[in-house]
Amino acid sequence: MCGIVAYIGERDATPIIIEGLKKLEYRGYDSAGIAVLSDGLIGVRRDAGKIRRLEALVAEQPISGNIGIGHTRWATHGAPSQQNAHPHLSANGRVVVVHNGIVENYLTLREELSAEGVEFRSETDTETIAHLIEKFYAVEKDLFRAVQKTLQRLKGAHGLVVMSADEPDRLIAARLGNAGGVAIGVGEGEMFIASDVPAIVEHTRNMVFLESGQIAIIRKDHFQVENLAGKAVTPKLQTIPWDPVSAEKGNYRHFMQKEIHEQVRALSDTLIGRVDFDNYRIKLDGLNLDEQTAMSIQKIFITACGTAAHAGMVGKILLERIARIPVEVLVASEFRYADPIVGENDVVLAISQSGETADTLAAMEEGRKKGALLWSIVNAIGSQAMRQADGCISMQAGPEIGVASTKAFTAPLMDLYMLAVYLADVRGLLSRSRRIELVKDLLKIPSLVEKALEREPEVALIAEKFKDVKGALYLGRGINMPIAYEGALKLKEISYIHAEGYPAGEMKHGPIALVDKELPVVVIATKDDWYDKMISQVEQAKARGGKVIAVATEGDELIPTLADEIMWVPKTPWLLSPVVDVIPLQIFAYHIATALGLDVDQPRNLAKSVTVE
Ligand code: AGP
């Protein structure tokens, strides 16, 4: 959940690390710190609050040097405070550590170290790591070996970077389990380390990603990697295609607003290379799927968290309707505990923006153990979920910085649709005309999304009217039921207004008791097979004095006579309607949160990638 940035080279490490941390602030933002080595001494600046507080601190008390490490934190052990902020020094001040993850046995280690006379200065689990390294260094006289020994003592999942005043020509980075990534950016005479690509991609696009159980010694002009057992590993150098400019806010007020508008581009990009425009066929080379395997698939288990799980729910309908393959959707945090009946002819398909969500990775591991084929739909290039899968569809959405996911929701909807068409085609279920129709529908989507986005000013006016509500009910049916869940999630996570998504038909079984003139009922009542049923829900809510806000299809003449407010969307082929119908709900949540003056990109208590279970 936290962000790590480190540098070694000829330049001043401080501004490079601070600028990198700013790009990772979405990962955690309750405290931040930096440690820089200069003239044989480690200088540390750290404080509670966001990076701008750290920046001010460094301006008041400058530090500089050619090697340093930095961290932005999402608190797990110990409140957000100066003393709990990373980096953490060892007792003698010669070793300093930044860390992602949780030391599950930290109480035992703390007791052990305290009994040996170590005085702890923070409440964090991370401090035990710094003390252990110091202890092993006293024996080994080698930082790399000391870190290796320390890792052998830690339970849990970890990503960390270590610096020592006694070995000023190197940084040690390591990854154990799934506590976020560790990317090494290879420059010319300089190296960068980060938990996430956006922090360092402006400096180099050549990167190596550590696998679990790997430790690297990084010097300014070369690096080497070993596994925990001390065996040398030859890592694969990857070139990151991202444009650093796309990780900037541009003229938008917030990343979230920018990312909402980027959906037109993101959705077009996700089609590139996958749609054969001459033959109206889908090809998904990244899946590495042969015809025989495609024919043998019996069931697909989709697993994901939060917004990605909502995309999975739409995916179930797409895969079942188009490819006629049974699909079960299991929230990733429940996957292992549900002990699902997964067999060798089944697929476990994980969906994840970050590709580092601990619950999702654990579900993938469980799928692997049960012998399933592993697929993933992932945005972050080089992430664990991308690397661990047998086949992957890369979202092509580009970096998503806003904590509330938007373009990384609609992109996988397109991917799931393409997957359904592809599987149906390979399994011989589609006539030529049906296939052409399905692919043509897909190609219409970016411009339909653009039309929906043009209505932002109208939606903003509705948001202004409803900004002071205490709660909201979102209703949807069929393929738009998950859109009700997603609309409610968007509102609650950035505006802190309680919102519930419900299958529309369930309203009469309970939630209708909530409906009064204070409670807005947001209905997705676009022209599809469930339209008449949705109209009945609108009538039922109105009969109880509810205020109805409808997402409706342009040209619908009935809905204006019933609903209080309308968010118009263009007519869209129904299987793809969630991609378009969610747009006004994203905009609505965004404008309510901005009208309330809230921190849209970094809402309280949340982090962009949740690397703890
Ligand atoms: C989305 O707005 C949320 N912040 C959250 O639900 C998110 O979708 C979830 O944590 C999964 O993240 P992932 O896609 O990176 O795995």
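For this structure, a couple of remarks:
- Some residue of the range 357-368 being within 21 Å of Met414 (Cα to Cα) and modelled with pLDDT under 90: no
- The listed residue being over 29 Å from the mean Cα position of the chain (by Cα), within 17 Å of Val201 (Cα to Cα) and in contact (Cβ under 8 Å) with a residue 24 or more places away in the chain, out of Gly70, Gly3, Gly9: Gly9
- Count of residues meeting criterion [of a type in the set (Gly, Ala, Ser) and either within 14 Å of the ligand (Cβ to nearest atom) or under 18 Å from the mean Cα position of the chain (by Cα) (or both)] in the range 564-613: 4
- Number of residues in the range 300-318 that are out of contact with any Phe, Trp or Tyr (no Cβ under 9 Å at 6 or more places or on another chain), away from the ligand (no atom under 13 Å from the Cβ) and closer than 15 Å to Ser376 by Cα: the value is 1.
- Comparison of Ala138, Ala115, Ala157, Ala173 shows that the only residue that is assigned by TED's automatic domain parsing to the domain that holds Val36, buried (at least 24 other Cβ atoms within 10 Å of the Cβ) and hydrophobic (A, V, I, L, M, F, W, C) is Ala173.
- Single residue of Asp390, Asp346, Asp359, Asp425 found to be within 10 Å of the ligand (Cβ to nearest atom) and open to solvent by 10 Å² or more (accessible area, probe 1.4 Å): Asp359
- Test: residue in the range 306-327 that is over 22 Å from Ala484 (Cα atoms), part of a helix (DSSP H, G or I) and not aliphatic (A, V, I, L, M): no
- Across the range 589-604, the qualifying residues are those that are assigned to a loop (DSSP other than H, G, I, E, B) and touching an Asp or Glu at 6+ places or on another chain (Cβ under 9 Å), and the one among them that is farthest from Glu356 (Cα to Cα) is Leu596.
- When residues in the range 34-50 are screened for being within 25 Å of the chain's Cα centre (by Cα) and surrounded by fewer than 24 Cβ atoms within 10 Å (Cβ to Cβ), 3 of them pass.
- Candidates Ala460, Ala472 - the one that is among the small types (Gly, Ala, Ser) and in a helix (DSSP H, G or I): Ala460
- Pair list, Cβ under 8 Å, 6 or more apart: the range 410-432 residue outside the structural domain of Asp581 (by TED's automatic domain parsing), other residue part of a helix (DSSP H, G or I) and open to solvent by 30 Å² or more (accessible area, probe 1.4 Å): Ala420/Arg321; Val426/Glu291; Val426/Met295; Arg427/Met295
- Note on the range 319-343: residues that are open to solvent by less than 10 Å² (accessible area, probe 1.4 Å) and within 16 Å of the ligand (Cβ to nearest atom) total 2.
- Test: residue in the range 439-458 that is open to solvent by less than 30 Å² (accessible area, probe 1.4 Å), over 26 Å from the mean Cα position of the chain (by Cα) and not assigned by TED's automatic domain parsing to the domain that holds Ile587: yes
- Pair list, Cβ under 6 Å, 6 or more apart: the range 256-282 residue under 13 Å from Ser405 (Cα atoms), other residue part of a helix (DSSP H, G or I) and among the β-branched types (Val, Ile, Thr): Gln263/Thr410; Gln263/Val449
- Checking every residue in the range 405-418 against the condition of being open to solvent by less than 30 Å² (accessible area, probe 1.4 Å) and not in a helix (DSSP H, G or I) gives at least one match.
The values are calculated or read from the model by the stated rules, or taken from the named source; none is laboratory data. Predicted, not measured: the structure shown is a model, and the values here were computed from it. In this analysis, Cβ positions are derived from the backbone assuming ideal geometry, glycine residues included, and neighbour counts consider all displayed protein chains. Each accessible area value is taken on the protein alone, full model and side chains, heavy atoms only, with ligands, DNA and RNA left out. Shrake-Rupley method; radii C 1.70, N 1.55, O 1.52, S 1.80 Å.
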